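The values are calculated or read from the model by the stated rules, or taken from the named source; none is laboratory data. All of these numbers come straight from a predicted model, not from anything done at the bench. Positions of Cβ are generated from backbone atoms using ideal geometry, with glycine treated the same way; all protein chains shown enter the neighbour counts.
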Amino acid sequence: MPFEIEQAITEAEAEKILRDKTYANEKGPFGLTRLQIVSLQLLSTPEDHKITANQRKIIEMFLHDSMGKMDLNKKLRSMLYTDLKEFQLNKKVIEDISYFIYKTRRVNQISAILEKVTETQRRIDNNIALDERHKISFMEYSVFVDGARLNKVFTSLQKKVQYDSSSHIGKIHEKITRADELNKKMEKSFSQSFKVHPGTFSTESIKKKAIMQGEVLSFFERIVTKIITKHKHTSKLYENKEKEATLSHINPNPTEDKFLLRDYLYTDVYQIKIENLISSKNKKVLQEIYGANWLEQLREKYARIEREIHDNTAVSFAGLLAQPEDFQKKSGRASLLPFGLGHLKIKKTSFSEVHRRILDRHYKNNEGRMLCSEFVAQCTIAAMVELNKQLAQDAAAKKVNFVGKPVKIPISKHEDLSLIQPDRFIKILKSKGCVEKRKKAPEVAKYFKKT
Amino acid sequence: MEDVKEKYAENLKSLARVFLHDIKDKNMPVKDSYLLIMGATQHDVSICFDKITHAIPDVFFYKRSAHVRENIKEDIVKEFVLFMAQEDITAESFDNDFSNFISFTIAELGHKYKMF
C-alpha cells in the first residue's frame, strides 16, 4: 500500500527519513520513494521557503543518489503529463531534475576527463611538453562540454538548497565548476595569444573549407571545429581598445563579439597587406613624411581608423540587417557567370559616398540591408579612403605630394558591392596580391588528439 | 504540415552529410565516417532525424526569420553529433537517452531562439 502524501514535511518526519532507511525507501505515488517525493516537494517550495538543516541533508542525499539514474529520469518525465499540483510538485522542478539526471549520466567519466584536461592545462601553463596521452578525444570532449554546461543547473540548485561544499553533491559541483572554468580558460588562453593586425577579416570558404582545414587540423579537431562554431560568414576582425581580438559583423543584426577559440577553429583568417597597395614611388613619399618606420606608423593609423569604425558596431550600424536568404542565393548565382560578369555593373560606386556613410554613422538611424561580406568590403573601402585622406593631410603639412592616391583601393568601382560574397571578396584581393591567409597558431592543436 | 516536416528531416540529413563530408579524411568513404564519429549507420542516423523532426513543435517551421531557422537546423545537427559521440546505439538505454536528447534539445533551442 503506497504511503499518503503529507501536506508539509515536519521536522520529526525529516529526522525519521534520515534515520530509518526502510521508511525513506518506502514506495509511494509514481513509484517514487518517500525520500524522492519529499525532496522534489522541498525543491518545489517557493523561493522564500527556508530549508532546515535536516531537509537540506535529505535533498543532498536525493541529488547525489539520482545522478545519472535514467530509470528515475523516465519516471519523472512520465509524471509531466499528470496533475502535479495535487502532490505539491512543480512542473519546472520535475523538468530540471530530469535534465540534471540526464546530463549526469556520464558523471563517472567526467572526473577522469577533467583530470586529463586539468593536467593538459597545467602543462600548457608551465610550458611542459605534451604528448598524445595528455590530449583529449572527441568523445571525451563531448562529455567534458556536457559537464561544463551543467554548471548552470548546479548553480541554481545550490542557490535553492545551499548545500555544503564538503557534501558529496558539493564536491561534484566543484568539479563541474572546474570543467566550466577550464572550458572558458581554453578559450581565453587562445584569445590572449592571438594578435590582430589591421586589415584582418575572417571568413569561411564553403567550397574549399574541408581541404583548407584538412591541411592543418587533425580529424578530431575538424569535428570539434564544426561542432562548436557559429559563424558561417565573413566578419571584420579588429583589435578593440582593450587590445582584444573582436569580431564586428552582421549576424543578422550588427554585433560585436569576442573572437573566441571556436571562431578561430572554424574560420580562415585573412589579412590585407596594406604595403602591397602602395606604389614604390609613394612608398618613398611615405618615407619622407614618416621616416624609416613609415610602415609601422601607417599600420597604427589604419588600426586606429578600424577601431573608430567598428567599436560599438551594434549602435553605429543599428539600422543594418543581413540580406535575406533568397538574396544570398542570388549573389551566389552571380558567381556562375563567366569573367565575373555577374558581379560587375556599369555605374561606378562612389567610394567617397561609401566612406561618408560608414564614418558619418549613416546606418545608425537609417535602415539598410547588406551581405555579411558586403559589410566587410564597405568598411574596408571606407577605412582606406579615410587613411588616404589622413595621409594626404600629413603630406600637405610636409609639402610633399603623392602620385595619385597613396593607397590604391583593391576593389573596382564597377564591382557590384551588393553581390560581393566571401569567395568573391577574397578572389578580388588575391588578384591584387594584397591578401595573406594567417597560419593557424599552435594554440589550436595543443588540446586535441591527432587521430 | 507532413510535407514541411518531410522536407525538414531531409534538410537535417543533408546537413549531417555535408558536415561529415567536410570533416572526414580525404580517402574515407562517407559511410565509414558515420560509423567512426557517431557509431551508427547512415540509415540509423536517418531514422533518428525523422524522429527528431516528428517531435519538433510547429512553431519551429514558420516562426522567426529563415536565417534563424537555418541556424536552428545546424544547431540540431551539431548537438546530435555531440550526443551520438557519447552513446552506444545498440545499448538498451539508447531509446530513453535519445528521447531525453530530443526533448531537452528542443527546449534549449526553443529558449535560445525565443520560439515559445
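Among residues belonging to the stretch A:417-451 that are of a type in the set (A, V, I, L, M, F, W, C), assigned to a helix (DSSP H, G or I) and in contact with a helix residue (DSSP H, G or I) (Cβ under 8 Å, 6 or more places away or on another chain), point out the one that is modelled with the highest pLDDT.
So the first thing to find is which residues in the stretch A:417-451 are of a type in the set (A, V, I, L, M, F, W, C), and the list is A:417, A:419-420, A:425-426, A:428-429, A:434-435, A:441, A:444-445, A:448.
Among the residues that remain, those that are also assigned to a helix (DSSP H, G or I) are: A:417, A:419, A:425-426, A:428-429, A:445.
From the residues that got through so far, the ones that are in contact with a helix residue (DSSP H, G or I) (Cβ under 8 Å, 6 or more places away or on another chain) too are A:417, A:419, A:425, A:445.
Working: A:LEU417: 87, A:LEU419: 79, A:PHE425: 83, A:ALA445: 52.
Checked the stretch A:417-451; the qualifying residue modelled with the highest pLDDT is A:LEU417.
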key: Matching residues, the stretch A:128-137, being closer than 15 Å to A:MET186 by Cα and free of Cβ contacts under 8 Å to residues at least 60 places away in the same chain   = A:HIS134
Exclusive hit being within 11 Å of the chain's Cα centre (by Cα), of a type in the set (A, V, I, L, M, F, W, C) and either outside any helix (DSSP H, G or I) or away from every other protein chain (no Cβ under 14 Å) (or both), set B:ILE76, B:ILE47 = B:ILE47
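Kindly evaluate A:VAL153 against the criterion of being within 30 Å of A:HIS49 (Cβ to Cβ), modelled with pLDDT under 85 and within 14 Å of another protein chain (Cβ to nearest Cβ). Can you show your working first?
Numbers: within 30 Å of A:HIS49 (Cβ to Cβ): yes; modelled with pLDDT under 85: no; within 14 Å of another protein chain (Cβ to nearest Cβ): yes.
It is false that A:VAL153 is within 30 Å of A:HIS49 (Cβ to Cβ), modelled with pLDDT under 85 and within 14 Å of another protein chain (Cβ to nearest Cβ).
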task = Would you mind telling me which numbered condition in (1) surrounded by 18 or more Cβ atoms within 10 Å (Cβ to Cβ); (2) within 13 Å of the chain's Cα centre (by Cα); (3) more than 14 Å from chain A (Cβ to nearest Cβ) B:LEU20 fails?
result = (3)
request  = Check the stretch A:293-316 and report whether any residue there is within 14 Å of chain B (Cβ to nearest Cβ) and over 16 Å from A:THR380 (Cβ atoms).
outcome  = no
Failed criterion for A:ASN366 (all others in (1) at pLDDT 90 or above; (2) loosely packed, with under 12 Cβ neighbours inside 10 Å hold) = (1)
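Given the criterion at pLDDT 85 or above, assigned by TED's automatic domain parsing to the domain that holds A:THR234 and surrounded by 12 or more Cβ atoms within 10 Å (Cβ to Cβ), identify the matching residue among A:ALA334, A:ALA322, A:ALA303.
Working: A:ALA334 fails: at pLDDT 85 or above; A:ALA322 fails: at pLDDT 85 or above.
From the options A:ALA334, A:ALA322, A:ALA303, the qualifying one is A:ALA303.
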ask   = How about the stretch A:122-144: which of its residues are under 23 Å from B:ALA85 (Cα atoms) and either assigned to a helix (DSSP H, G or I) or within 11 Å of chain B (Cβ to nearest Cβ) (or both)?
value = A:GLU132, A:ARG133, A:HIS134, A:SER137, A:PHE138, A:MET139, A:GLU140, A:TYR141, A:SER142, A:VAL143, A:PHE144
request  = Among residues belonging to the stretch A:253-280 that are within 14 Å of chain B (Cβ to nearest Cβ) and surrounded by fewer than 20 Cβ atoms within 10 Å (Cβ to Cβ), point out the one that is modelled with the lowest pLDDT.
outcome  = A:ARG262
ask   = Somewhere in the stretch B:16-26, is a residue among the aliphatic types (A, V, I, L, M) and in contact (Cβ under 8 Å) with a residue 24 or more places away in the chain?
value = yes
task = Could you pull out the residue among A:LEU63, A:LEU72, A:LEU76 that is more than 14 Å from every other protein chain (Cβ to nearest Cβ), of a type outside the set (S, T, N, Q) and in contact (Cβ under 8 Å) with a residue 12 or more places away in the chain?
result = A:LEU63
key: Unmet requirement for A:ARG34, which otherwise passes all of (1) free of Cβ contacts under 8 Å to residues at least 12 places away in the same chain; (2) among the charged types (D, E, K, R); (3) more than 28 Å from B:ILE102 (Cα to Cα)   = (1)
note = (1) surrounded by 18 or more Cβ atoms within 10 Å (Cβ to Cβ); (2) within 11 Å of chain A (Cβ to nearest Cβ) all hold for B:LEU109 apart from (2)
message = Step by step: first the residues of the stretch B:51-73, then only those that are aliphatic (A, V, I, L, M) and facing chain A (nearest Cβ under 8 Å), then the one that is surrounded by the most Cβ atoms within 10 Å (Cβ to Cβ). Which residue is that?
response = B:VAL68
query = Among the residues of the stretch A:395-415, which ones are charged (D, E, K, R), crowded, with 18+ Cβ neighbours inside 10 Å and in contact (Cβ under 8 Å) with a residue 24 or more places away in the chain?
reply = A:GLU415
Of all residues in the stretch A:41-58 being more than 35 Å from the chain's Cα centre (by Cα) and part of a helix (DSSP H, G or I), the one that is surrounded by the fewest Cβ atoms within 10 Å (Cβ to Cβ) = A:ALA53
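In the stretch A:85-96, which residue that is away from every other protein chain (no Cβ under 12 Å) and at pLDDT 90 or above is farthest from A:ARG19 (Cα to Cα)? Even if it seems obvious, please write down each step before you answer.
The first filter runs over the stretch A:85-96 and keeps only residues away from every other protein chain (no Cβ under 12 Å), leaving A:85-91, A:93-94.
With the extra rule that they be at pLDDT 90 or above, the set shrinks to A:89-91, A:93-94.
Numbers: A:LEU89: 24, A:ASN90: 27, A:LYS91: 29, A:VAL93: 26, A:ILE94: 26 Å.
In this case the residue turns out to be A:LYS91.
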message = Where the second residue is of a type in the set (S, T, N, Q) and surrounded by 16 or more Cβ atoms within 10 Å (Cβ to Cβ) and the first is at the interface with chain A (Cβ under 8 Å from one of its Cβ atoms) and farther than 23 Å from B:LEU36 by Cβ and lies in the stretch B:85-106, which pairs have Cβ atoms under 9 Å and are six or more apart or on separate chains?
response = B:ASN96/A:ASN73; B:ASN100/A:ASN73; B:ASN100/A:SER98; B:SER103/A:SER98; B:PHE104/A:SER98
